[in-house]
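Every number in this text was worked out from the coordinates using simple rules, so none of it is lab data. Remember, it's a predicted structure, so these values are computed and weren't measured experimentally. Here Cβ is always computed from backbone atoms with ideal geometry, including for glycine, and neighbour counts include all displayed protein chains.
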Ligand code: HEC
Ligand SMILES: [Cu+2]
């Protein structure tokens, strides 16, 4: 039993499994549980560590991150067990091989045997015994703990105290707490300028977000995963969790974080040019602090919702629009608003753009493209594009991700930047009424 969380661990289940497992597996388990983590395990983690800066937070740079959930404990336990078993099997096999080769060399007068396949009882034993031993190792020594680990991983519902829905999109996460009526978007907060400078100064460079996911420590949290565009993956190494978010499917996973703290991860599935820019930051808070956060956030959201409805000055809209544009649109349309040739159209009127007819036809239908150039459509049309996206293309529906004021500010900013001089000002109220109209 893990005394802190009261959760049954992998080793407990093996203990329960019966005489055979107990007699044969327990000594190994003991030595595994009581040991400092295996050095060989560390070596195996080295390759991963090089490509994974998050691991630097673990005890040593070649080590897996310190596990903080039952699933992470199980996963590491199974990993170490397998590694130990395989090292022993490898060692024995290698010794037999080397002994046979050296002992029976030609210079000692041995000549090759001419038989093929086992004939005598002794030869049969040499074949059958290792096969049985390997089957036993596979299905009992390693099979039992991994079976239970996988079953525990899949058990997302039992005793879940909280449900959180995570929605992945290119390239950010949106988190919703349906029962608490809380929802927010979590995007990269490392400034674009720092990323483009090529010389990171931040300790959590590319592993920091504006709004982290806040979870209660010591409670089971069921996490539902969906995606709005391509396959992403919610991956936090210290939780032992890496679950794909697949468009059109509901996937799920769970965490029960042992101790409060800040845990970092990232999207674990190559999802386009912004793949490196959708980190995950989880802040685990002890129970009273988590409840306070919930209450504050609920009040904050009400206040924000009220403020959202207020008209804003042109300058406020432009300033807010610039920030929101750089977070939400610049990953594709670029800070300059000039897009990417062949893939992402510019947002500047009169700019040339060529791409496959598949993409440009959609734009032409919307009226934003004529004779190889971008046309700035009327404000309500453009608002519709931003709210509802362009289906069948990477252009997302921001109506699902941003509030009225942010969308109003972004559209105002776009219509007065990148060489566009419409003078248009879009207020949150206009976004609110546009939401209910079809694209
Ligand atoms: C994931 C990439 C991506 C993001 C993020 C994105 N767009 Fe787009 N956007 C596209 C693509 C691709 C198209 C072109 C679709 C087509 O060719 O039919 C497009 C088209 C558009 C168009 C119509 C074409 C034009 O040039 O007028 C507008 C307007 C637009 N985006 C605005 C925005 C705004 C505003 C944001 C931020 C709130 C944004 N986009 C974020 C990919 C993106
Ligand atoms: Cu992703």
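Values as computed for the structure displayed
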item	result
Prolate/oblate/rounded call for segment 145-242, Cα gyration tensor, a/c under 1.5 rounded	prolate
Helix axis angle, 287-309 relative to the chain longest principal axis, alpha carbon, degrees	30
Of all DSSP beta bridges in the chain, antiparallel share, percent nearest 5	75
Between helix 70-103 and the chain: long-axis angle, C-alpha atoms, 0 to 90°, nearest 10	40
Relative contact order of segment 311-435, defined on C-alpha pairs under 8 angstrom at six or more residues apart (%)	28
Fluctuation leader among 126, 150, 163 - the chain, Gaussian network, Cα springs under 10 angstrom	126
Fewest-first ranking of 205, 177, 139, using other Cβ atoms within 10 Å as the exposure measure	139, 205, 177
Principal axis box of segment 219-264, alpha-carbon based, largest edge first, Å	34, 18, 14
Highest-MSF residue in the chain out of 113, 408, 72 [GNM, Cα springs under 10 Å]	113
Residues residue 140 and residue 83, FRET efficiency given R0 of 22 Å [Cβ-Cβ distance, rounded to 0.05]	0.80
Segment 371-439: C-alpha pair distances exceeding 19 Å, %	30
Two-decimal Rg to Rh for the chain - Kirkwood Rh, Cα set	1.11
Separation in nanometres of the label points that stand 7 Å from Cα toward Cβ, at residue 436 and residue 197	4.8
Calculated [θ] (222 nm, deg cm²/dmol) that DSSP helices of n ≥ 4 give over the chain, each run adding -39,500 (n - 2.57)	-13500 deg cm²/dmol
Computed FRET value (nearest 0.05) for residue 323 with residue 242, which takes r as the C-beta separation and R₀ as 41 Å	0.85
Point-to-point label distance, residue 128-residue 302, nm (Cα→Cβ direction, 7 Å offset)	7.7
Candidates 118, 378, 203: whichever shows maximal mean-square fluctuation once the chain is modelled as a Gaussian network with Cα springs under 10 Å	118
Rel. contact order, % - alpha carbon contacts under 8 angstrom, at least six apart, the chain	12
Packing-based exposure ordering (other Cβ within 10 Å, fewest first) of 353, 239, 249	249, 353, 239
Nearest 10 degrees, 0 to 90: helix 314-328 Cα axis against the chain principal axis	20
Stokes-Einstein D for segment 315-439, Kirkwood Rh over Cα pairs, 25 °C, 0.890 mPa s (µm²/s)	171
DSSP-defined antiparallel bridges as percent of all bridges, segment 153-271, nearest 5	75
Two-site label geometry, residue 94 and residue 309: point separation in nm, points 7 Å out along Cα→Cβ	7.2
Shape of segment 156-203, Cα gyration tensor, a/c cut at 1.5	prolate
